[in-house]
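Worksheet for the structure shown next.
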Amino acid sequence: MAVAAYPARMVSAAEANRDTTDDTNPYTHGHHDSVLRSHRWRTVENSAGYLIDRLTPGASVLDVGCGPGSITVDIARRVAPGRVLGIDASAAVVAEATSAAAGAVADGVNVEFRVGDLFHLDVAPGSFDVVHAHQVLQHIADPVGALRAMRTYCAPDGVVAARDGDYAAMTWYPASPGIDRWLDVYSQAARANGGEPDAGRWLLSWAHAAGFSQVMPSASAWCYATPTDRAWWGDLWAERTTATTLADQAIARGFATREELDAMGDAWRRWAAEPDGWFAVLHGEVLCTP
(Lines give C-alpha, C1' and ligand atoms only; values in the text may rest on other atoms or scores of the structure.)
Protein backbone atom coordinates (compact mmCIF):
# COMPACT_ATOMS: atom_id res chain seq x y z
CA MET A 1 0.00 0.00 0.00
CA ALA A 2 1.32 3.37 -0.90
CA VAL A 3 0.12 6.80 -1.87
CA ALA A 4 1.73 10.12 -2.59
CA ALA A 5 2.72 12.31 0.31
CA TYR A 6 3.86 15.88 0.63
CA PRO A 7 5.54 17.95 3.37
CA ALA A 8 5.78 21.67 2.58
CA ARG A 9 5.33 21.08 -1.17
CA MET A 10 3.47 18.65 -3.38
CA VAL A 11 5.40 15.43 -3.93
CA SER A 12 4.56 13.11 -6.80
CA ALA A 13 3.54 9.51 -6.30
CA ALA A 14 6.77 8.29 -7.86
CA GLU A 15 8.88 10.48 -5.58
CA ALA A 16 7.07 9.48 -2.42
CA ASN A 17 7.25 5.74 -2.74
CA ARG A 18 10.51 4.56 -4.29
CA ASP A 19 12.06 1.66 -2.38
CA THR A 20 15.17 3.61 -1.43
CA THR A 21 16.60 5.11 1.72
CA ASP A 22 17.62 8.54 0.45
CA ASP A 23 14.42 10.04 -0.95
CA THR A 24 12.58 12.86 0.78
CA ASN A 25 9.55 10.71 1.67
CA PRO A 26 10.22 7.01 1.04
CA TYR A 27 7.49 4.50 1.83
CA THR A 28 8.56 2.93 5.13
CA HIS A 29 7.44 -0.62 4.35
CA GLY A 30 8.53 -0.86 0.73
CA HIS A 31 7.05 -3.49 -1.57
CA HIS A 32 8.88 -6.65 -0.57
CA ASP A 33 6.78 -9.80 -0.88
CA SER A 34 6.59 -10.10 2.91
CA VAL A 35 4.80 -6.73 2.93
CA LEU A 36 2.49 -7.59 0.07
CA ARG A 37 1.62 -10.97 1.62
CA SER A 38 0.10 -9.15 4.56
CA HIS A 39 -1.74 -6.74 2.25
CA ARG A 40 -3.19 -9.59 0.15
CA TRP A 41 -4.78 -11.06 3.30
CA ARG A 42 -6.98 -8.01 3.82
CA THR A 43 -10.68 -8.03 3.02
CA VAL A 44 -13.65 -5.81 3.76
CA GLU A 45 -14.67 -8.11 6.60
CA ASN A 46 -11.30 -8.05 8.42
CA SER A 47 -10.18 -4.54 7.49
CA ALA A 48 -13.19 -2.36 6.66
CA GLY A 49 -16.07 -3.69 8.70
CA TYR A 50 -16.98 -0.18 9.85
CA LEU A 51 -17.71 0.69 6.20
CA ILE A 52 -19.90 -2.27 5.21
CA ASP A 53 -23.21 -0.44 5.60
CA ARG A 54 -22.09 2.13 3.00
CA LEU A 55 -21.08 -0.50 0.43
CA THR A 56 -24.46 -0.82 -1.22
CA PRO A 57 -25.15 -2.08 -4.77
CA GLY A 58 -24.56 0.68 -7.31
CA ALA A 59 -22.29 2.79 -5.09
CA SER A 60 -19.13 4.18 -6.69
CA VAL A 61 -15.91 3.87 -4.69
CA LEU A 62 -12.40 5.32 -4.88
CA ASP A 63 -9.87 3.18 -2.99
CA VAL A 64 -6.78 5.26 -2.19
CA GLY A 65 -3.50 3.39 -1.68
CA CYS A 66 -5.11 0.15 -2.83
CA GLY A 67 -1.96 -1.99 -2.81
CA PRO A 68 -2.47 -5.42 -4.40
CA GLY A 69 -6.22 -4.83 -4.42
CA SER A 70 -7.71 -7.49 -2.15
CA ILE A 71 -9.93 -5.00 -0.31
CA THR A 72 -10.69 -3.14 -3.54
CA VAL A 73 -11.99 -6.22 -5.34
CA ASP A 74 -14.03 -7.23 -2.29
CA ILE A 75 -15.56 -3.74 -2.25
CA ALA A 76 -16.32 -3.99 -5.98
CA ARG A 77 -18.15 -7.30 -5.56
CA ARG A 78 -20.27 -5.77 -2.79
CA VAL A 79 -21.22 -2.61 -4.71
CA ALA A 80 -21.68 -4.22 -8.16
CA PRO A 81 -22.68 -2.88 -10.61
CA GLY A 82 -21.16 0.25 -9.10
CA ARG A 83 -17.81 1.54 -10.36
CA VAL A 84 -14.68 1.03 -8.19
CA LEU A 85 -11.31 2.62 -8.91
CA GLY A 86 -8.18 1.66 -6.96
CA ILE A 87 -5.13 3.90 -7.09
CA ASP A 88 -1.61 3.30 -5.84
CA ALA A 89 1.73 5.00 -6.40
CA SER A 90 3.54 1.76 -7.26
CA ALA A 91 3.22 0.64 -10.88
CA ALA A 92 4.30 -2.90 -9.97
CA VAL A 93 1.64 -3.18 -7.28
CA VAL A 94 -1.03 -1.79 -9.61
CA ALA A 95 -0.03 -4.39 -12.21
CA GLU A 96 -0.39 -7.14 -9.59
CA ALA A 97 -3.80 -5.81 -8.52
CA THR A 98 -4.99 -5.67 -12.12
CA SER A 99 -3.89 -9.26 -12.72
CA ALA A 100 -5.45 -10.51 -9.48
CA ALA A 101 -8.75 -8.83 -10.37
CA ALA A 102 -8.99 -10.42 -13.82
CA GLY A 103 -11.38 -13.12 -12.65
CA ALA A 104 -13.69 -10.61 -11.00
CA VAL A 105 -13.65 -8.40 -14.08
CA ALA A 106 -14.48 -11.41 -16.24
CA ASP A 107 -17.47 -11.99 -13.97
CA GLY A 108 -18.66 -8.45 -14.73
CA VAL A 109 -17.35 -6.72 -11.59
CA ASN A 110 -16.65 -3.07 -12.41
CA VAL A 111 -13.18 -2.56 -10.89
CA GLU A 112 -10.17 -0.76 -12.34
CA PHE A 113 -6.67 0.00 -11.04
CA ARG A 114 -4.44 2.93 -11.95
CA VAL A 115 -1.11 4.37 -10.91
CA GLY A 116 -2.29 7.54 -9.26
CA ASP A 117 -1.38 10.50 -7.07
CA LEU A 118 -4.16 11.43 -4.65
CA PHE A 119 -3.40 15.12 -5.10
CA HIS A 120 -3.47 15.07 -8.91
CA LEU A 121 -6.13 12.58 -9.95
CA ASP A 122 -7.65 12.81 -13.40
CA VAL A 123 -11.21 12.41 -12.14
CA ALA A 124 -13.93 14.97 -11.67
CA PRO A 125 -14.63 16.34 -8.17
CA GLY A 126 -17.53 14.66 -6.42
CA SER A 127 -17.28 11.52 -8.56
CA PHE A 128 -17.50 8.88 -5.83
CA ASP A 129 -20.03 7.91 -3.18
CA VAL A 130 -17.25 6.46 -1.00
CA VAL A 131 -13.59 7.49 -0.84
CA HIS A 132 -11.68 4.92 1.19
CA ALA A 133 -8.13 4.62 2.52
CA HIS A 134 -6.82 1.72 4.58
CA GLN A 135 -3.48 2.11 6.38
CA VAL A 136 -2.60 5.12 4.24
CA LEU A 137 -2.73 8.28 6.33
CA GLN A 138 -0.03 6.99 8.69
CA HIS A 139 2.46 7.29 5.83
CA ILE A 140 1.55 10.81 4.66
CA ALA A 141 3.37 13.89 5.90
CA ASP A 142 0.17 15.99 5.65
CA PRO A 143 -2.71 13.66 6.58
CA VAL A 144 -5.11 16.58 7.00
CA GLY A 145 -4.34 17.68 3.46
CA ALA A 146 -4.85 14.11 2.29
CA LEU A 147 -8.29 13.97 3.90
CA ARG A 148 -9.20 17.27 2.22
CA ALA A 149 -8.06 15.84 -1.12
CA MET A 150 -10.20 12.74 -0.50
CA ARG A 151 -13.17 14.99 0.23
CA THR A 152 -12.68 16.65 -3.16
CA TYR A 153 -13.53 13.41 -4.94
CA CYS A 154 -16.44 12.55 -2.63
CA ALA A 155 -20.04 13.26 -3.59
CA PRO A 156 -21.87 15.77 -1.34
CA ASP A 157 -23.97 12.97 0.17
CA GLY A 158 -21.08 10.49 0.22
CA VAL A 159 -18.54 9.48 2.85
CA VAL A 160 -14.78 9.55 3.31
CA ALA A 161 -13.55 6.50 5.22
CA ALA A 162 -10.13 5.95 6.78
CA ARG A 163 -8.69 3.23 9.01
CA ASP A 164 -5.16 3.24 10.41
CA GLY A 165 -3.22 1.22 12.93
CA ASP A 166 -1.80 2.59 16.17
CA TYR A 167 1.63 1.06 16.71
CA ALA A 168 2.10 2.31 20.27
CA ALA A 169 -1.21 0.67 21.20
CA MET A 170 -0.17 -2.74 19.88
CA THR A 171 0.08 -5.26 22.68
CA TRP A 172 1.46 -8.78 22.96
CA TYR A 173 2.14 -11.66 25.31
CA PRO A 174 4.54 -12.89 26.50
CA ALA A 175 6.81 -9.91 27.02
CA SER A 176 9.61 -9.65 24.48
CA PRO A 177 12.48 -7.14 24.73
CA GLY A 178 13.24 -7.90 21.08
CA ILE A 179 9.75 -6.90 19.94
CA ASP A 180 9.95 -3.85 22.23
CA ARG A 181 13.10 -2.87 20.35
CA TRP A 182 11.41 -3.54 17.00
CA LEU A 183 8.60 -1.14 17.89
CA ASP A 184 11.11 1.57 18.80
CA VAL A 185 13.06 1.14 15.55
CA TYR A 186 9.91 1.01 13.40
CA SER A 187 8.53 4.17 15.01
CA GLN A 188 11.80 6.02 14.42
CA ALA A 189 11.89 4.96 10.77
CA ALA A 190 8.25 5.89 10.13
CA ARG A 191 8.65 9.35 11.65
CA ALA A 192 11.91 9.93 9.79
CA ASN A 193 9.89 9.38 6.61
CA GLY A 194 7.35 12.01 7.63
CA GLY A 195 4.72 9.54 8.82
CA GLU A 196 2.87 8.97 12.10
CA PRO A 197 2.91 5.33 13.23
CA ASP A 198 0.26 6.02 15.88
CA ALA A 199 -2.15 7.43 13.31
CA GLY A 200 -5.16 5.52 14.62
CA ARG A 201 -5.53 7.80 17.64
CA TRP A 202 -5.11 10.90 15.47
CA LEU A 203 -7.81 10.19 12.88
CA LEU A 204 -10.62 12.01 14.64
CA SER A 205 -8.47 15.08 15.20
CA TRP A 206 -7.26 15.08 11.60
CA ALA A 207 -10.81 14.74 10.28
CA HIS A 208 -11.95 17.68 12.39
CA ALA A 209 -9.00 19.73 11.17
CA ALA A 210 -9.88 18.83 7.58
CA GLY A 211 -13.26 20.49 8.08
CA PHE A 212 -15.72 17.62 7.73
CA SER A 213 -19.23 18.46 8.86
CA GLN A 214 -19.72 15.16 10.71
CA VAL A 215 -17.26 12.51 11.80
CA MET A 216 -18.16 9.10 13.23
CA PRO A 217 -15.14 7.54 15.02
CA SER A 218 -14.69 3.91 15.93
CA ALA A 219 -12.03 1.29 16.62
CA SER A 220 -11.40 -2.35 15.85
CA ALA A 221 -8.58 -4.83 16.20
CA TRP A 222 -6.73 -7.66 14.53
CA CYS A 223 -5.76 -10.50 16.86
CA TYR A 224 -3.14 -13.17 16.16
CA ALA A 225 -3.27 -15.95 18.73
CA THR A 226 -3.92 -19.29 17.06
CA PRO A 227 -0.86 -21.34 16.08
CA THR A 228 -1.52 -20.68 12.38
CA ASP A 229 -2.05 -16.95 12.85
CA ARG A 230 1.00 -16.61 15.10
CA ALA A 231 3.20 -18.40 12.60
CA TRP A 232 1.96 -16.20 9.75
CA TRP A 233 2.22 -12.89 11.64
CA GLY A 234 5.53 -13.68 13.32
CA ASP A 235 7.18 -14.84 10.10
CA LEU A 236 5.91 -11.78 8.22
CA TRP A 237 7.40 -9.38 10.72
CA ALA A 238 10.63 -11.33 11.11
CA GLU A 239 11.12 -10.98 7.36
CA ARG A 240 9.89 -7.39 7.19
CA THR A 241 12.30 -6.42 9.95
CA THR A 242 15.35 -7.99 8.32
CA ALA A 243 14.88 -8.08 4.54
CA THR A 244 12.90 -5.02 3.40
CA THR A 245 13.21 -1.30 2.83
CA LEU A 246 12.53 -0.87 6.54
CA ALA A 247 15.75 -2.71 7.36
CA ASP A 248 17.73 -0.69 4.82
CA GLN A 249 16.40 2.58 6.23
CA ALA A 250 17.03 1.58 9.84
CA ILE A 251 20.66 0.73 9.10
CA ALA A 252 21.30 3.75 6.87
CA ARG A 253 19.91 6.16 9.46
CA GLY A 254 21.63 4.56 12.43
CA PHE A 255 18.48 3.36 14.16
CA ALA A 256 19.75 -0.22 14.38
CA THR A 257 22.62 -2.42 13.24
CA ARG A 258 22.26 -5.48 11.06
CA GLU A 259 22.93 -7.65 14.12
CA GLU A 260 20.19 -5.88 16.09
CA LEU A 261 17.69 -6.35 13.27
CA ASP A 262 18.51 -10.03 13.04
CA ALA A 263 17.96 -10.32 16.80
CA MET A 264 14.55 -8.65 16.40
CA GLY A 265 13.65 -11.12 13.67
CA ASP A 266 14.61 -13.99 15.98
CA ALA A 267 12.43 -12.44 18.71
CA TRP A 268 9.43 -12.45 16.36
CA ARG A 269 9.94 -16.12 15.58
CA ARG A 270 10.34 -17.01 19.25
CA TRP A 271 7.10 -15.19 20.01
CA ALA A 272 5.33 -17.07 17.20
CA ALA A 273 6.45 -20.39 18.71
CA GLU A 274 4.99 -19.58 22.14
CA PRO A 275 1.88 -21.72 22.74
CA ASP A 276 0.33 -18.84 24.70
CA GLY A 277 1.49 -16.15 22.29
CA TRP A 278 -1.03 -13.36 21.64
CA PHE A 279 -0.76 -10.15 19.59
CA ALA A 280 -3.38 -7.45 19.04
CA VAL A 281 -3.30 -4.53 16.62
CA LEU A 282 -5.64 -1.64 17.45
CA HIS A 283 -7.01 0.51 14.63
CA GLY A 284 -8.73 3.85 14.66
CA GLU A 285 -11.48 4.46 12.09
CA VAL A 286 -13.45 7.46 10.87
CA LEU A 287 -16.47 7.87 8.63
CA CYS A 288 -16.51 11.51 7.49
CA THR A 289 -19.42 13.35 5.89
CA PRO A 290 -18.36 16.23 3.61
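The values are calculated or read from the model by the stated rules, or taken from the named source; none is laboratory data. Since the model is a prediction, treat every value here as computed from it, not as a measurement. Reconstructed Cβ throughout: ideal geometry from the backbone, glycine too, with neighbour counts over all protein chains shown. Ligands, DNA and RNA are stripped out before the accessible areas are found, and what is left, the full protein with its side chains, is counted by its heavy atoms. Shrake-Rupley method; radii C 1.70, N 1.55, O 1.52, S 1.80 Å.
For the stretch 72-86, backbone phi angles converted through the Karplus equation (6.51, -1.76, 1.60; θ = phi - 60°) give residue-by-residue couplings of 4, 5, 4, 4, 4, 5, 6, 9, 3, x, x, 7, 10, 10, x Hz, Gly and Pro being listed as x.
Dipole of the chain computed with +1 at Lys/Arg Cβ and -1 at Asp/Glu Cβ about the Cα centre; of G277, A124, A247, farthest Cα towards the positive end is A124. Packing order of peptides 183-193, 42-52, highest average first: 183-193, 42-52 (average count of other Cβ atoms within 10 Å over each peptide's residues). Taking the Cα centre of the chain as reference, the dipole from Cβ charges on Lys and Arg (+1) and Asp and Glu (-1) amounts to some 420 debye.
Oblate is the label for the stretch 44-113, because the ratio a/c of its alpha-carbon gyration tensor axes (a ≥ b ≥ c) is 1.5 or higher and a/b is not greater than b/c. What net charge is computed for the residues neighbouring R201, neighbours being all others with C-beta under 13 Å from the C-beta of R201, Lys and Arg scored +1, Asp and Glu -1? Residues near R201 contribute -4 overall. Under the rule a/c < 1.5 gives rounded, and otherwise a/b versus b/c splits prolate from oblate, where does the stretch 83-241 land using the Cα gyration tensor? Note, shape of the stretch 83-241 comes out oblate.
Could you tell me which of rounded, prolate or oblate describes the stretch 104-173, using a ≥ b ≥ c as the square roots of the eigenvalues of the alpha-carbon gyration tensor, with rounded for a/c under 1.5 and, failing that, prolate when a/b is larger than b/c and oblate otherwise?
Verdict is oblate for the stretch 104-173.
What separates the Cα centres of the stretch 116-146 and the stretch 40-63 is a distance of 16 Å.
Compared with the dominant principal axis of the Cα atoms in the chain, helix 199-209 is inclined by about 30°. Using just its DSSP H runs of length 4 or more, each adding -39500 (n - 2.57), the chain gives a mean residue ellipticity at 222 nm of -12000 deg cm²/dmol after division by all residues. Distances between placed amide hydrogens fall under 5 Å for G82 paired with G58, A59, all partners being 5 or more residues away or on another chain. Accessible surface for the chain, divided over its residues, is 39 Å² per residue with a 1.4 Å probe. To put it simply, the accessible area of the chain at a 1.4 Å probe is 53 percent carbon and sulfur. Comparing D157, D88, D266 in a Gaussian network model of the chain (Cα springs below 10 Å), the most mobile by mean-square fluctuation is D157.
Please give the net charge around V159, taking every other residue with its beta carbon less than 9 angstrom from that of V159, where Lys and Arg add +1 and Asp and Glu add -1.
Computed value for this residue: -1.
Taking Cβ atoms as reference points and 15 Å as the exclusive limit, the residues near L51 contribute a net charge of -2, counting Lys and Arg as +1 and Asp and Glu as -1. For a modelled paramagnetic label at R191, 7 Å from Cα along Cα-to-Cβ, the residues of the stretch 137-180 in reach, with backbone nitrogen under 17 Å, are 138-143, 166-170, 180.
Of I179, I87, I140, which is the most mobile in a GNM of the chain whose springs link Cα atoms less than 10 angstrom apart? Largest GNM mean-square fluctuation: I179.
Result for the chain in a Gaussian network model with C-alpha springs under 10 Å: among S38, S90, S70, the largest mean-square fluctuation is at S38. Relative to the dominant Cα principal axis of the chain, helix 143-152 is inclined by about 20°.
If R0 is 22 Å, the Cβ-Cβ spacing of D180 and S218 corresponds to a FRET efficiency of close to 0.20.
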